[in-house]
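Heads up, the thing below is written out as structure tokens.
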Amino acid sequence: MSKSSTEERAKSRNVGLLRRLLPFFRPYKLHLLAAAVALITAAVFMLMMPVALRRVIDLGFDAENAEFIDKYFLALIGVAGALAIATALRFYFVSRLGERVVTDLRRSVYDHAIGMSPRFFEKIRTGETLSRITTDTTLIQSLVSSSISIALRNLLLLAGGIVMLFITSAKLTALVLLGVPLVIIPIVLVGRKVRGYSRDAQDRIAESSAIAGETLLNIRDVQSYTQEATVRAQFGTAAEGSFSASNKRIKARSLLTAIVIFFVFTGVVSVMWVGARDVISGAMTAGELGQFILYAVLVAGAVGALTEIWTQAQQAAGATERLIEILDTEADILPPANPVPLPADAKGAIGFENVSFSFPSRPDDRALDGLSLSVAPGETVAIVGPSGAGKTTIFHLLQRFYDPSAGAVTLDGVTLTDADPTDVRSRLAVVPQEPAIFAASVLDNIRFGRPDASEDEARAAAKAAAADTFIDALPEGYATHVGERGVMLSGGQKQRIAIARAILRDAPVLLLDEATSALDAESERAVQDAFERLSQNRTTLVIAHRLATVKSADRIIVMEAGKVVAEGTHDELVDQGGLYARLARLQFTDLRAVEADTAAADTVADVQSAVTG
Ligand SMILES: Nc1ncnc2c1ncn2[C@@H]1O[C@H](COP(=O)(O)OP(=O)(O)OP(=O)(O)O)[C@@H](O)[C@H]1O
Ligand SMILES: [Mg+2]
């Protein structure tokens, strides 16, 4: 984890953090009330038990009282029944509340995370976020659904028990209370450490989740580079790190348990000692001493349970801290307070006015450097240039994944930072350089472009993307599941599904980033035809390395190092003799060379057939 989280850790080392969970309880006030009532009822019945015991002992077990004793025991069974019901209700309400609150918490962390801009995920790994959503919430869940109820019950027992102890014997109770600080001080001191260790352990667990997630997702690359041992070691280090942090926590807690048990029981024993002498001297009845001891045991048990829970609360506070970190991070791409609506008549005019941009993680490198570009509605503009020139970055800014450091990006005349990002994105259909395919059916993957599209529309889009033939050949056609990230498809098949998705989206602006790079010549031809039809009435930006695919664009922009270095039609650019002419020469002479090779091969074949024939 980063340095900043270490600082934060030092700053807020307390259970007060748990207060941040309160808003999640607010919607369930009635539920809380029911839980509290059940809790108090159960505690009261519990506290009645020792009184009953004393009366039975003190009344003696002689025959005269037999009838009374029968009634008494029947009543006791009644109390036991009430205790059972109240306890069951307490368990029900409190556990349910815990599950409910944690479900809400989990959802709100996820909801928040999914709205974060890419910048957030450059800092926090996806696996780390996942781990927070799953394991950290689980820690809180165990606190809410069992520990809090146990804590409240024990607090009540503790308070009630102390009162009853006083009533039973003020002198002995005063003796007990003298020992209390001996127990409380170590609890508080050790508890604080536990929270730090717990957060550490959770950080390490998250790290190991991140490593596991990344390597399992890329299992083929790991195996092909025979890096199993390396990643096992990495995962092992993270997992062991979590173990050693947990181990420190466990040691602290064990020490605490020893201290608390020793003091509590020594206290009880000493008090019994004094009490036994009082009974002998006649200052106290045997029943009173029995009652006192029972209460003392109840109180001691309550203290023990509370210690345990205190350390658990510290643990949950560590987890809460990690969740709050996500909830408190504001997305840096937000709709403005009063978004300017995009014109209802979507034209698809795009403007970049002197845009400079550096990725947040590399503030000193300009990915775009004073770039200006304006694309008229309906125009098809190709962007070419060497790898790393900033072509994809243009698409990132258009989709408002990042905001420019200087200058402005506009869509239909509205500056993107003034508009609602959802509005902007709904006017774009993108085929990204590395399209995402989800673990769902082919149909669902295509419909990701427009979930309300009918199956026929999705099929039509697939046809336009030259994908229908291969989809029909899949075992279950459009219903075939394609596996996580589409692992059951070939690269070109994935690409065509992404193209179908963009076609189905039917947005006024089409952004194609190397959209046909993985296709064979025949499929590419078919898809190009579809794009040409589509681009007739929409603005299209095409990024391509293969110049043959951009030759027919209305205009070609040549980029280098974040700047536009030339623009014009294919022929104009070839005539200008710059970077484009150089690239074109390389690509098209290569082609000619290939053609020459083919011709040579044909000649060889002719000669061979002549010889053999
Ligand atoms: N998330 C990021 N954080 C930091 N730097 C980035 C990030 N993404 C890209 N870059 C850098 O920005 C520059 C432009 O990247 P961009 O993806 O726009 O290149 P490109 O022209 O699309 O290249 P290619 O043809 O290889 O796809 C590159 O130098 C790249 O290293
Ligand atoms: Mg790119």
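Please sort by residue number the chymotrypsin sites (Phe, Trp or Tyr not before Pro) in the range 204-243 whose DSSP state is loop and whose Cβ has at most 15 other Cβ atoms within 10 Å.
Listed in order of number, the matching sites are Y225.
Between the range 316-346 and the range 206-232, how far is it from one alpha carbon centroid to the other, in angstrom?
32 Å
Report the equivalent ellipsoid semi-axes for the chain in whole Å, largest first, defined as the square roots of five times the eigenvalues of the gyration tensor built from alpha carbon atoms.
73, 25, 24
Using θ = phi - 60° and the Karplus curve 6.51 cos²θ - 1.76 cosθ + 1.60, what whole-Hz ³J(HN,Hα) does each residue of the range 286-300 get, with Gly and Pro shown as x?
4, x, 4, 5, x, 4, 4, 5, 4, 5, 4, 5, 4, 5, 4
Each residue of the range 443-449 in turn: what ³J(HN,Hα) in whole Hz from Karplus with 6.51, -1.76, 1.60 and θ = phi - 60°, glycine and Pro shown as x?
Ordered by residue, 3J(HN,Hα) equals 4, 4, 5, 6, 5, 4, x Hz.
Return P(r) of the range 279-325 (all Cα-Cα pairs; 5 Å bins starting at 0; whole %; ordered from short to long distances).
All Cα pairs considered, the percentages come to 6, 18, 12, 12, 10, 9, 8, 7, 6, 5, 4, 2, 1.
Name the residues whose placed amide hydrogens come within less than 5 Å of the amide hydrogen of A419, ignoring near sequence neighbours (fewer than 5 apart) on the same chain.
Excluding prolines and chain starts, which carry no amide H, the hits are V340.
Rounded to the nearest 0.05, what FRET efficiency do V51 and V274 give with R0 = 30 Å and r taken as the Cβ-Cβ distance? Could you check?
Once rounded, the FRET efficiency stands at 0.90.
Excluding same-chain residues fewer than 8 positions from K248, which lysines have a Cα within less than 29 Å of its Cα?
In chain and number order, the partners are K3, K11, K123, K193.
State to the nearest 20 debye the size of the charge dipole of the range 17-328 about its Cα centre, where the only charges are +1 on K and R beta carbons and -1 on D and E beta carbons.
Charge dipole, the range 17-328, about its Cα centre: 680 debye, nearest 20.
Please enumerate, by chain and number, the aspartates and glutamates with C-alpha under 19 Å from the C-alpha of K391, excluding those fewer than 8 residues away in the same chain.
E353, D364, D365, D369, E379, D403, E434, D513, E514, D554, E560, E567
For each of K193, K391, K29, K251, count neighbouring Cβ atoms within 10 Å of the residue's Cβ, then give the residues from fewest to most.
Lowest count first: K29, K251, K193, K391.
Would you kindly derive the ³J(HN,Hα) couplings of the range 87-95 from the backbone phi angles with the Karplus curve 6.51 cos²θ - 1.76 cosθ + 1.60 (θ = phi - 60°), listing them in order in whole Hz, with x for Gly and Pro?
Listing the rounded values in order: 5, 4, 5, 4, 4, 4, 5, 5, 5 Hz.
Just want the ordering: W273, W310, from fewest to most Cβ atoms lying within 10 Å of their own Cβ.
W273, W310
I need two numbers for the range 79-160: Rg to one decimal and Dmax as a whole number, Cα atoms only, in Å.
18.0, 61
With the calculation restricted to Cα positions, what are the radius of gyration and Dmax of the range 350-578 in angstrom?
17.7, 53
In whole angstrom, note down how far apart the Cα centers of the range 423-472 and the range 387-406 are.
Here the two parts' Cα centres lie 24 Å apart.
In nm, to one decimal, how far is the modelled label at L216 from the one at T135, with both set 7 Å along Cα→Cβ?
1.2 nm
222 nm [θ] for the chain, helices only, -39500 (n - 2.57) per DSSP H run of 4+, per residue, to 500?
Mean residue ellipticity at 222 nm (helix-derived): -21500 deg cm²/dmol.
Quick one: which residues, 5+ away or cross-chain, put their amide H under 5 Å from the amide H of L371? H built at 1.01 Å from N.
The list, which skips near neighbours in sequence, is V355, S356.
Taking every eigenvalue of the Cα gyration tensor of the range 239-347, multiplying by 5 and rooting it, what semi-axes result, largest first, whole Å?
Ellipsoid semi-axes (Å, largest first): 60, 21, 7.
Would you please report the Å³ per residue occupied by the convex hull of the alpha carbon atoms in the range 117-159?
Taking the convex hull of the Cα positions in the range 117-159, it is 80 Å³ per residue.
Relative contact order of the chain: what whole-number percent is it, with Cα pairs under 8 angstrom and at least 6 residues apart?
Answer for the chain is 14 percent.
Separation between the V297 and S374 pseudo-spin-labels, each 7 Å from Cα along Cα→Cβ, expressed in nm?
8.9 nm
Against the 2.2 N^0.38 Å scaling, with N counting residues, where does the range 41-130 land? I'd like the Cα-based Rg ratio to two decimal places.
So the range 41-130 has a normalised radius of gyration of 2.19.
When a footprinting reagent is the concern and you count Cβ atoms within 10 Å, what order do E532, E288, E214, E321 take, fewest first?
Neighbour counts put them in this order, fewest first: E532, E214, E288, E321.
To two decimal places, what compactness ratio does the range 17-328 give when its Cα radius of gyration is scaled by 2.2 N^0.38 Å?
1.30
Based on the alpha-carbon gyration tensor of the range 343-461 and its eigenvalue square roots a ≥ b ≥ c, which shape applies: rounded if a/c is under 1.5, prolate if not and a/b is larger than b/c, or oblate?
Prolate.
Let me know the charge dipole size of the chain about its Cα centre in debye, to the nearest 20, where only the beta-carbon of Lys, Arg (+1) and Asp, Glu (-1) is charged.
Charge dipole of the chain: 3060 debye, to the nearest 20.
One-quarter of the Cα convex hull surface for the range 303-389, in nm²?
Convex hull of Cα atoms, orientation-averaged projection: 11.8 nm².
Can you tell me what percent of all Cα-Cα pairs in the range 166-257 are more than 19 Å apart?
Value for the range 166-257 (Cα pairs over 19 Å): 60 percent.
Where a number appears in this text, it was derived from the coordinates with a stated rule and is not lab data. Every value quoted in this text rests on a predicted model; they were computed, and no experiment measured them. Positions of Cβ are backbone-derived with ideal geometry, glycine not excepted, and every protein chain shown enters the neighbour counts.
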